[in-house]
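Here's the structure, in C-alpha cells; my notes come after.
The values are calculated or read from the model by the stated rules, or taken from the named source; none is laboratory data. Only a predicted model underlies this, so the values are computations on that prediction, with no experimental measurement involved. In this analysis, Cβ positions are derived from the backbone assuming ideal geometry, glycine residues included, and neighbour counts consider all displayed protein chains.
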Amino acid sequence: MTPADQPNALELTGIGKAFGGVVALRGVDFTLRAGEIHGLVGENGAGKSTLMKIIAGVHAEHDGTMRVNGREVVFRSASDALAAGIGMVHQELSVVPELTVAENVFLGVQPTTNFGIVDWAKMFREAHEQLARLGIDVNVRQTMGMLPLGVQQLIELGRVLFSGAEIIILDEPTSALSPPEIERLFETLRRLRASGKSLIFISHFLDDVLAICDTVTVFRNGRKIATMPAAQIDKLWIIERMIGTGHEDLEESYTSERMLEAPPNAPVVLESQALCKLGAFSDVSLNVRAGEVLGIYGFMGSGQLEFARALYGKIIPDTGTIRIDGKTLRAKNTAAAKRAGIALVPESRRSMLFALEPVYKNVSISILERLSALLLRPGAERRVAQEHVEQLHIRPPRVDLPLGNLSGGNQQKVALARWLAYLPKVLVLCEPTRGMDVGAKDDVVKIVRGLRDAGLGVIVVSTEPETVLSLADRIVVMKKGAVVREFTNEAVSKDRLLAAA
C-alpha cells in the first residue's frame, strides 16, 4: 500500500449535479487512495454514472470541488481529464472491429514518419510491446473483431493505460466475460494496483466487487450511503444498503441453490427441432410451454445468443425446424416471427432503441398499427408508455425525456416495456438484467414471473448464472453450440451451472 502521508489520488467534496429539475447527485464526498481498487455499487439511477462522468470531464458544470493528487482541478472536457491522468473504460466498448489490434491501440494517435504518414512498423512493434506488458499475447495485425470479447476489453483497458492514465474508471468491465476471462482481467488489475495505479470499479456483480476491490462505496438516490473495506462486508450488507430488505428471492439466487419444479402440464408453444447454423450452433432441440420460463445458460460464445436470434428470424438456420403452437414457421424473417407470436429483446439495447427519441416513442413503436391505422396519436402513445414506465419502475418516470438521458439499466427496462405493450406468445429475453443493479433485477424477476403466470412462454438467454437461477423454471446449458445439460425438477446452484458450462 502507499505511504500514509501520500496525497489521495482523487478527492471529491460536496459534489452536486442536476439535470433540469432532476437532481442526480447531492453533496457527494468520495475519496480514491493511490494504489487502490475502489468498488462503486448502487441501483441504476443512483448517481454512479453521473459521478464518473464528472470525474472523466464529460459533465463540466457541477457543484463541489475535485482534487487530483492533492491539487484542485476543474475539467471542461474529457481531454482535460485525460491530461490530468484520468481515463475511463466504458461498458459499451469503443473499439473498431474492422481495424487491426494495433490501430485500435493507437486510435487517433498513430505514430507517423517524418513525411507525415503512418509509421506502420513502429505502430505494430509498440502495440505488441505495450500489450505484452499487460500479459496480452495477440497478433496485433489481425482485426479486432476476430478476438474474443474479453480480450477486446483488455486491449481497450490497455489503450487507456497507454494514454498515460494513472486513475482508471472501469464501468461494468465483467458484464460480458466468462469466468476465465474475468480472472484474466483481475490478474491485470492486480498488476496495475501493484504498480501504483488507482482504479474505480463499477459493477452490479457483487461477487466480482468483493473479489477484486479493496474498498466499496454504496450509492442510493444520488447520495453516498456508506464506504467500507471490502474484507469487512458481504453481499447481503451491500444489498441492504442499496435497496433495503425484502428481496429474498433475488438474494437466494446469489447465495444458495434453487429447487426447480417439473414442467407445467400445458401446451408447448415453441419447439425447435435439430436446429443448426454452421459456426454457431448445431442440433438444438428444445421446447417451452405456456406458463413456463426456460433458461438457456452458457459462457460467451456458446451459441445461445445466435440460437435466440434464429428463433426471431435474425439468423436463418441451415437446417432444422421451428414450430409455434405446433405449426411450422416457414417464413425466414423477423416480420414473420413477430406475426407468429415471437418477440425478442436482444442483448444489445442499442440495436433496438433510439437514444435521441423520447421514451414513449421507444415503447409505442411495437404497437403503432394497433393505436392508429393512419395517423399517429401521441396522446395514446404516451398513455401506453406511462403505464409500462410505472409498471417497470423506470426512473425518472418521465415518458417525454429522450431515452439517452436514462441510465443503462433503465434503458434496458424500456426495451422490455416495448414488448410488454405488444404481448406475444413467446418472449425471448437475451441478457435481460445485464448492466442492472440488484433492485432493477428484482423488478425484472417480478415482471417475468407475471408474464409466465399470464400464460406466456418465456425464454431467458444469459451468460449470468444468477439471472437464469432467479428467473427460470427449467434450465438448459449450451456449450460450443450444443445443448449439454438440462436441469428440471431438481436442485440447481450457480456452481452446478458453471460446472456444466
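If I filter the range 42-54 for residues that are assigned to a strand (DSSP E or B) and in contact with a helix residue (DSSP H, G or I) (Cβ under 6 Å, 6 or more places away or on another chain), do I get at least one hit? Step through it out loud before you land on a result.
From the range 42-54, those assigned to a strand (DSSP E or B) are 42; that's our starting set.
Now narrow it down to the ones that are in contact with a helix residue (DSSP H, G or I) (Cβ under 6 Å, 6 or more places away or on another chain): 42.
Within the range 42-54, one or more residues are assigned to a strand (DSSP E or B) and in contact with a helix residue (DSSP H, G or I) (Cβ under 6 Å, 6 or more places away or on another chain).
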Query raised in the report: Does at least one position in the range 410-418 carry a residue that is touching a Gly at 6+ places or on another chain (Cβ under 7 Å) and surrounded by 24 or more Cβ atoms within 10 Å (Cβ to Cβ)?
Result: yes
Report summary line: Those strands (runs of 3 or more DSSP E) completely within the range 57-122 that have 1 or more residues that are closer than 30 Å to Gly145 by Cβ, assigned by TED's automatic domain parsing to the domain that holds Ile136 and touching a strand residue (DSSP E or B) at 6+ places or on another chain (Cβ under 9 Å) are 86-89
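Residues are listed down the side, and each one gets a yes or a no for (1) modelled with pLDDT of 90 or more; (2) not in a strand (DSSP E or B):
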| residue | (1), (2) |
| --- | --- |
| Ala176 | no, yes |
| Ile182 | no, yes |
| Thr188 | no, yes |
| Gly196 | yes, yes |
| Leu199 | yes, no |
| Phe219 | yes, no |
Query raised in the report: Got at least one residue in the range 176-199 being in the same structural domain as Thr31 (by TED's automatic domain parsing), surrounded by fewer than 21 Cβ atoms within 10 Å (Cβ to Cβ), touching a Phe, Trp or Tyr at 6+ places or on another chain (Cβ under 9 Å) and hydroxyl-bearing (Ser, Thr, Tyr)?
Result: yes
Requested in this report: Go through the range 435-464 and give me each residue that's within 13 Å of Leu392 (Cα to Cα), among the charged types (D, E, K, R) and within 14 Å of the chain's Cα centre (by Cα).
Outcome: Lys441
Report summary line: Of the residues in the range 284-305, those that are in a strand (DSSP E or B) and closer than 16 Å to Glu466 by Cβ come to Val293, Gly295, Ile296, Tyr297
Query raised in the report: Got a sec? Which of Ala230, Ala310 is modelled with pLDDT of 90 or more, within 30 Å of Glu11 (Cα to Cα), in contact with a Leu (Cβ under 7 Å, 6 or more places away or on another chain) and among the hydrophobic types (A, V, I, L, M, F, W, C)?
Result: Ala230
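Yes/no matrix, rows are residues, columns are (1) assigned to a strand (DSSP E or B); (2) hydrophobic (A, V, I, L, M, F, W, C); (3) assigned by TED's automatic domain parsing to the domain that holds Ser462; (4) crowded, with 16+ Cβ neighbours inside 10 Å:
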| position | (1), (2), (3), (4) |
| --- | --- |
| Ile316 | no, yes, yes, no |
| Gly320 | yes, no, yes, yes |
| Arg330 | no, no, yes, no |
| Glu347 | no, no, no, yes |
| Asn362 | no, no, no, yes |
Query raised in the report: Can you find a residue in the range 105-124 that is closer than 21 Å to Ser302 by Cα and crowded, with 18+ Cβ neighbours inside 10 Å?
Result: no
